[in-house]
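The values are calculated or read from the model by the stated rules, or taken from the named source; none is laboratory data. In this text, all values refer to a predicted model and were calculated from it rather than measured experimentally. Here the Cβ is made from the backbone with ideal geometry for all residues, glycine too, and neighbour counts use every protein chain on show.
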Amino acid sequence: MSVENTPVLEVRDVSLGFGGVRALSEVSFEVKRGELFSIIGPNGAGKTSMLNCISGRYKPTSGRVYLDGRDVTGLTPNIRATLGMGRTFQNLALFGHMSVLDNIMVGRHHLLNNNALTGGLYWLSGARKEELSHRRKVEDIIDFLEIAHIRKAVAGTLPYGLRKRVELARAMAVEPKIILLDEPMAGMNLEEKEDMARYIVDLNEEWGMTVVMIEHDMGVVMDISQRVMVLEFGRKIAEGLPAEVMENERVKVAYLGIDDDEPAEAGSAA
Amino acid sequence: MISSSLIPCGQYKTSYAADTTIFLTPASRNWCILGIILAACAPLVLSNYLLALLIQIGYYGIAALGLNILVGSTGQISLGHAAFFGFGAFASAWLNNTFGVPVLLSIPLAGVMTTLLGLLFGIPAGRLKGLYLAIATFASQFILEDFFSRANWFTGGSSGAMANPVSLFGYELNGDKSFFYVVLAWLVVMFIIGTNLLRTRDGRAFVAVRDHYLSAEVMGINLTKYRILSFGISSFYAGIGGALYGHYLGFVSAEGFTILLSIQFLGMIIIGGMGSVMGTLMGTVFMVLLPEATEGAVSAIKHVTGDIPALTSALAYIKEATIGLAIVLFLIFEPDGLVHRWRLIKSYWKLYPFSY
Ligand SMILES: Nc1ncnc2c1ncn2[C@@H]1O[C@H](COP(=O)(O)OP(=O)(O)OP(=O)(O)O)[C@@H](O)[C@H]1O
Ligand SMILES: [Mg+2]
């Protein structure tokens, strides 16, 4: 099924309405295997709504979503996760009372086989062995994101930047075919942003993960994305290479608020 | 307040296996083993009165742990736990009386039957939250109470059901001393299973559903399934606890399983600590001893003032009132329960004399 050139993600004519509000209007795009694809747009443009349609939190009013060639439009978020989707949220969404390690182990949920009965019998049922065997993978992720020192910390007590990182770790633990990141750098200071950008690039290049990222920081987006899509009022107004998108007149007007008469400042943003 | 790390300082683990032991330090494991050994010696030294209290702590503690998995770990509420406790008591007596299933076997079978009942009631409850769930479980309490009073074939109706004592190889284990060991064995096994459950896949899923259900869902967790499953597991614990209760008393009657007992179960886990296995036991001890302490206090007052008839006749109400008062006071002053206070004391002594 996963032929090399089927897009990992295909969104076709997705529209979404909340009562009178049109959050998305017939948006279509594809994300290729191994790509780092960014979605940008002003506040309220519908970026998070798009991600929610992909991950299954919202059902599009019309249109379809394909994961690896398979129509997932009618499926619940948990089934999409088991089919290979991982995501992080715009607002912090960790399991606050669990340790960092347990948070990440929750990501292994669909890869583990033990259940309430075998888990309860632990030593007798092989659950212990299975749990331990998954620790290897989890520790790789922990090492990659450099969070070994907080492994046993309670997630809810961590500073903001670290929580964002743990959330990424948890999404990686799902071993998805595609990972959806909703503003992974929002609210971070410059140093934290640079770290996070590096993790995302490494995740994409070294781990071969296909990434869809929503981000407001234009500098980062233009730096690390392979392709960019721009949403405005729920409509796609541009898509292409970062440089192409920056030169697009509609993007300049709509997103960057630059008039044709004013000198373009796109260069400084990138 | 949440403590920032789950392990005390100075603890280093060099393998994943060493990192997954139940106890964070060897000392706490040894204390636990010592506790079990001491408990096993209890019948040799304790009076029958104290032994009866320990047995009560045993069967209520098992049921309370089930409720804590549901309420504390999964974040669901239940006001009907006593009814499932009662169902377990009736089911075990029924299996033994009607089909001659030996009591040692009818107890776990009653647990399974109660689990199935819990799953059934959990189906609507798994889709509800907050106040609506509270009302739905409140309803299940009354539906089951009504069932107990009508289903003569199962419960003996208003006259109740006889429950035989445990027998082993045709030899009846009569009396508190031998029954104590039956309860102790179940208590230890059920608490170990509970602890294991909470540190493996499905236990983590419960806590994930409680802490952030949207994230849990995108991690591949089926919310409805886990909410229902949690009801099933909590009912299993209630059923085992209830079955032990029935065979201990020798007689099961619906009057023992009212909403008041459901509230008491909630009190145990609130006072002990939500979501904590050891806290459950602490809360149960507190809840069983409180009425005894109240009675002691009342008779001490009477000793000083001479007999006050009003006080004697109000004793039952005073006991209930102190339970309610204790729950309220804990909610206000110690919402994380006794287990939290215990941890603070432990870390104080660990660092003594440099506690600040
Ligand atoms: N659950 C909802 N109910 C009603 N309206 C909603 C809901 N979710 C989103 N909307 C509306 O849909 C539009 C798009 O919102 P969305 O959150 O997708 O924007 P966004 O591009 O992610 O914005 P931001 O950059 O601020 O995160 C907004 O007008 C918002 O008010
Ligand atoms: Mg958003």
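Residues in segment A:168-218 that are within 16 Å of ligand 1 (Cβ to nearest atom) and surrounded by 21 or more Cβ atoms within 10 Å (Cβ to Cβ): A:Leu180, A:Leu181, A:Asp182, A:Pro184, A:Met185, A:Val212, A:Met213, A:Ile214, A:Glu215. Of all residues in segment A:21-31, those satisfying the criterion of being surrounded by fewer than 16 Cβ atoms within 10 Å (Cβ to Cβ) and away from ligand 1 (no atom under 12 Å from the Cβ) are A:Glu26, A:Ser28.
I need a count of the residues in segment B:196-223 that are under 24 Å from the mean Cα position of the chain (by Cα) and either facing chain A (nearest Cβ under 7 Å) or over 15 Å from A:Met98 (Cα atoms) (or both). Let's see the steps before the verdict.
Of segment B:196-223, the ones under 24 Å from the mean Cα position of the chain (by Cα) are B:196-211.
Filter once more, so that each one left must be either facing chain A (nearest Cβ under 7 Å) or over 15 Å from A:Met98 (Cα atoms) (or both): B:196-197, B:200-205, B:207-208, B:211.
Residues in segment B:196-223 being under 24 Å from the mean Cα position of the chain (by Cα) and either facing chain A (nearest Cβ under 7 Å) or over 15 Å from A:Met98 (Cα atoms) (or both): 11 in total.
Is it the case that B:Ser178 is more than 18 Å from the chain's Cα centre (by Cα), more than 14 Å from every other protein chain (Cβ to nearest Cβ), assigned to a helix (DSSP H, G or I) and over 30 Å from B:Leu34 (Cα atoms)? No, not satisfied.
The condition (being under 20 Å from B:Leu214 (Cα atoms), within 14 Å of another protein chain (Cβ to nearest Cβ) and out of contact with any Lys or Arg (no Cβ under 9 Å at 6 or more places or on another chain)) is satisfied by just one residue among A:Ala173, A:Ala169, A:Ala155, A:Ala148: A:Ala169.
Tallying residues that are near ligand 1 (Cβ under 10 Å from one of its atoms), within 14 Å of chain B (Cβ to nearest Cβ) and in a loop (DSSP other than H, G, I, E, B) within segment A:42-63 yields 2. Segment B:278-356 holds helices (runs of 4 or more DSSP H) entirely within its bounds, and those carrying 3 or more residues that are over 24 Å from the mean Cα position of the chain (by Cα) map to B:309-313, B:337-351. Just one of the listed residues (A:Thr82, A:Thr88) is crowded, with 23+ Cβ neighbours inside 10 Å, facing another protein chain (nearest Cβ under 10 Å), among the hydroxyl-bearing types (Ser, Thr, Tyr) and in contact (Cβ under 8 Å) with a residue 12 or more places away in the chain, and it is A:Thr88.
Among residues of segment A:102-116 that are more than 7 Å from chain B (Cβ to nearest Cβ), those with a beta-carbon under 8 Å from a residue that is aromatic (Phe, Trp, Tyr) at least six positions away or on a different chain give the pairs A:Asn103/A:Phe95. Does A:Val212 satisfy the condition of being at pLDDT 95 or above, outside the structural domain of A:Pro159 (by TED's automatic domain parsing) and within 16 Å of ligand 2 (Cβ to nearest atom)? So A:Val212 passes the test. Residue pairs whose Cβ atoms lie under 7 Å apart, sitting 6 or more positions apart in sequence or on different chains, and linking a residue in segment A:217-234 that is away from chain B (no Cβ under 14 Å) to a partner that is aromatic (Phe, Trp, Tyr) and within 16 Å of ligand 1 (Cβ to nearest atom), are A:Ser225/A:Phe37; A:Gln226/A:Phe37; A:Arg227/A:Phe37; A:Met229/A:Phe29; A:Val230/A:Tyr255; A:Glu232/A:Tyr255.
When each of A:Leu112, A:Leu124 is tested for being at pLDDT 90 or above, within 29 Å of A:Gly56 (Cβ to Cβ) and of a type outside the set (Gly, Ala, Ser), the lone residue that passes is A:Leu112. Taking the criterion of being over 17 Å from the mean Cα position of the chain (by Cα) and within 18 Å of A:Lys32 (Cβ to Cβ), the only residue of segment A:207-237 that qualifies is A:Lys236.
Looking only at residues in segment A:64-97 that are assigned to a loop (DSSP other than H, G, I, E, B) and within 14 Å of A:His110 (Cβ to Cβ), the one that is farthest from ligand 1 (Cβ to nearest atom) is A:Leu75.
Taking segment A:32-41 as the range and being among the hydroxyl-bearing types (Ser, Thr, Tyr) and either within 14 Å of another protein chain (Cβ to nearest Cβ) or within 12 Å of ligand 1 (Cβ to nearest atom) (or both) as the test, no residue passes. Considering only segment A:117-129, state which residues are within 7 Å of chain B (Cβ to nearest Cβ) and small (Gly, Ala, Ser). Selection gives A:Gly119, A:Gly120, A:Ala127. Summed over segment A:51-64, residues that are surrounded by fewer than 22 Cβ atoms within 10 Å (Cβ to Cβ) and either among the aromatic types (Phe, Trp, Tyr) or away from ligand 2 (no atom under 16 Å from the Cβ) (or both) total 6.
Filter segment B:186-195 down to residues that are β-branched (Val, Ile, Thr) and either more than 7 Å from chain A (Cβ to nearest Cβ) or not in a helix (DSSP H, G or I) (or both) and give me whichever is farthest from A:Gly119 (Cα to Cα).
If we take residues in segment B:186-195 being β-branched (Val, Ile, Thr) and either more than 7 Å from chain A (Cβ to nearest Cβ) or not in a helix (DSSP H, G or I) (or both), then B:Val188 is farthest from A:Gly119 (Cα to Cα).
Go through the residues of segment A:120-134 one by one and say whether even a single one is of a type in the set (Ser, Thr, Tyr), in contact with a Leu (Cβ under 8 Å, 6 or more places away or on another chain), part of a loop (DSSP other than H, G, I, E, B) and not assigned by TED's automatic domain parsing to the domain that holds A:Gly19.
Checked against the condition, which is being of a type in the set (Ser, Thr, Tyr), in contact with a Leu (Cβ under 8 Å, 6 or more places away or on another chain), part of a loop (DSSP other than H, G, I, E, B) and not assigned by TED's automatic domain parsing to the domain that holds A:Gly19, segment A:120-134 yields at least one hit.
Residues that are closer than 26 Å to A:Ile142 by Cα and in contact with a strand residue (DSSP E or B) (Cβ under 9 Å, 6 or more places away or on another chain) within segment A:194-219 comprise A:Ile200, A:Val201, A:Leu203, A:Asn204, A:Glu205, A:Met209, A:Thr210, A:Val211, A:Val212, A:Met213, A:Ile214, A:Glu215, listed in sequence order.
Quick grid of which residues meet (1) surrounded by fewer than 24 Cβ atoms within 10 Å (Cβ to Cβ); (2) in contact (Cβ under 8 Å) with a residue 40 or more places away in the chain:
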site	(1), (2)
B:Ala64	no, yes
B:Phe84	no, yes
B:Ser92	no, yes
B:Thr98	yes, no
B:Ser106	no, yes
B:Gly122	no, yes
B:Ala136	yes, no
B:Ala151	yes, no
B:Gly160	yes, yes
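For A:Phe18, the conditions (1) out of contact with any strand residue (DSSP E or B) (no Cβ under 9 Å at 6 or more places or on another chain); (2) in contact (Cβ under 8 Å) with a residue 12 or more places away in the chain; (3) within 16 Å of ligand 1 (Cβ to nearest atom) all hold with the exception of (2).
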